[in-house]
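As structure tokens, the structure follows; a few thoughts come after it.
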Amino acid sequence: MFGKPSETFFHASLNRLALPSGQVLMIGDDIEVDIDGAKAAGLKDALVRTGKFRPADLDGSVKPFAVLDSVANLSGWWESL
């Protein structure tokens, strides 16, 4: 498989960007496809509470690095690190 959440997909993206996984933040609204896939490839991740997000996503085994109400909150969150 060559699409999210395939590690191959994320590694191909990293190669295209010429960046190591530790310098990339994957932002997504799907806990399994986006967040779990990013974790499997060694990326940091942020789950946004929009789109596919459901509150029950936070009760599962996949724990996001960060949870944001929207991508609009990204810069404020980033600056607070």
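Every number in this text was worked out from the coordinates using simple rules, so none of it is lab data. Since the model is a prediction, treat every value here as computed from it, not as a measurement. Note: ideal-geometry Cβ built from the backbone for every residue, glycine included; neighbour counts use all protein chains shown.
Evaluated at q = 0.11, 0.22 Å⁻¹, the base-10 log of the normalised Debye intensity for the chain, with identical point scatterers placed on the Cα atoms, takes the values -0.28, -1.03.
Residue by residue, segment 65-70 carries 3J(HN,Hα) couplings of 5, 8, 10, 10, 5, 7 Hz when phi is fed to the Karplus relation 6.51 cos²θ - 1.76 cosθ + 1.60 (θ = phi - 60°); x denotes Gly or Pro. Put simply, the amide H of VAL48, placed in the peptide plane, has neighbours under 5 Å in GLY28, ASP29, LEU68, leaving out anything fewer than 5 places away on its chain.
Dipole magnitude for the chain: about 160 debye, using +1 per Lys or Arg Cβ and -1 per Asp or Glu Cβ, origin at the Cα centre.
Report summary: the helix-based calculation at 222 nm, which adds -39500 (n - 2.57) for every DSSP H run with n ≥ 4 and divides by the residues of the chain, gives -6500 deg cm²/dmol. Using the Cβ-Cβ distance between GLN23 and SER61 with R0 set to 22 Å, the FRET efficiency works out to roughly 0.25.
Applying 1/(1 + (r/R0)^6) with R0 = 22 Å to the Cβ-Cβ distance of THR8 and GLU32 gives a FRET efficiency near 0.85.
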